[in-house]
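Please read through the structure below; I'll follow up with questions.
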Amino acid sequence: MIGRVIKFYNSFFFVRVESELIPCKLRGLMKRDKKSGSAVNPGDFVEISQLKDGSGVIEKVLSRRSLLNRPAVANVDRIILTFAAAQPDLHPLLLDRFIALAENSKLAEIILCINKIDLVADKNFLAEYEPLYKILRTSARENIGIDELKAIISKGVTVFAGPSGVGKSSLLNAIDKNLKLKTSEVSEKILRGKHTTRVSELIAFGSGFLVDTPGFSAVDLAEAGLDTETLRHCFKEFAEYATACKFLNGCSHSHEPNCGVKAAVDSGKILRERYENYLILLEELK
């Protein structure tokens, strides 16, 4: 039978086959994935065989179209990077760090959600990023932008990610109060103790699924599979100008002469603050 992994809990992968949720073990011969740490992740489509007691065994993982590394979720259609306009204030370096991680996962759609927009006077907050990404400006408290957000997440697999305190769970609860129990259970389990337990669960919503992730303020780029070579490709606005670099294939866009990206920064075609954040992340990876 073919089904989709909904979550991993208590050593079982819970696989949804039509309307049935089947607890499954992993076939012993299946190897662990070097990048994600597991051969199977929530969101994977798998082939299973069912045992007499009703449980199952995962025999094969079908090919993935995407894999978000942290948290590990397969076949994601979009990620909504959620930050607050205030309380806590948005930190541009942290924003670009999250964007780089999302870009490295090669997701089809990356959306920036700026919550608590009611707390700032500038209703075009973060307008400088609009040429690059779709931006939703929301307020769970004032019910701003909730209908648009709900329409977006009602199909496909949507991952919510962002630092603590920005109101991800509040947004989900504003969309559907029935999500409250599920999001709070996940958050409590993940945020308890040493922050070593991670639970990613696909929660049915509309004709798709939601994945609410734990809030965290520090993300290790190298741990998520990024290096100095791949980082520059995660700043997608660089691609247009990198063709003018003297060292076409090996330019890091940092110290090299005749760099098309640096020239674009100087002429205002690339946002300087974002380029400077790139340099900080590049040094971190070095």
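The values are calculated or read from the model by the stated rules, or taken from the named source; none is laboratory data. If you're wondering where the values come from, they're calculated on a predicted model, not measured in any experiment. All Cβ positions, even for glycine, are placed from backbone atoms using ideal geometry, and neighbour counts span all protein chains on display. Side chains included, ligands, DNA and RNA excluded: accessible areas come from the protein's heavy atoms. Shrake-Rupley method; radii C 1.70, N 1.55, O 1.52, S 1.80 Å.
Considering only the stretch 151-171, state which residues are more than 18 Å from Leu94 (Cβ to Cβ) and at pLDDT below 85.
Matches in the stretch 151-171: Ser169 only.
Residue by residue through the stretch 70-95, note down the ones that are surrounded by fewer than 23 Cβ atoms within 10 Å (Cβ to Cβ) and of a type outside the set (A, V, I, L, M, F, W, C).
Correct list: Arg70, Pro71, Asn75, Asp77, Arg78, Gln87, Pro88, Asp89, His91, Pro92.
What tally of residues in the stretch 238-286 results from selecting those that are touching a residue at least 40 places away in the same chain (Cβ under 8 Å), within 27 Å of Leu126 (Cβ to Cβ) and open to solvent by 60 Å² or more (accessible area, probe 1.4 Å)?
Final tally of qualifying residues: 4.
Hey, another quick one. Could you grab the pairs with beta carbons closer than 6 Å, sequence gap of 6+ or different chains, first residue in the stretch 193-206 and at pLDDT 60 or above, second one part of a loop (DSSP other than H, G, I, E, B)?
Once the first residue is at pLDDT 60 or above and sits in the stretch 193-206, its partners that are part of a loop (DSSP other than H, G, I, E, B) give Ser200/Pro42; Ser200/Pro71; Leu202/Pro42; Gly206/Ser154.
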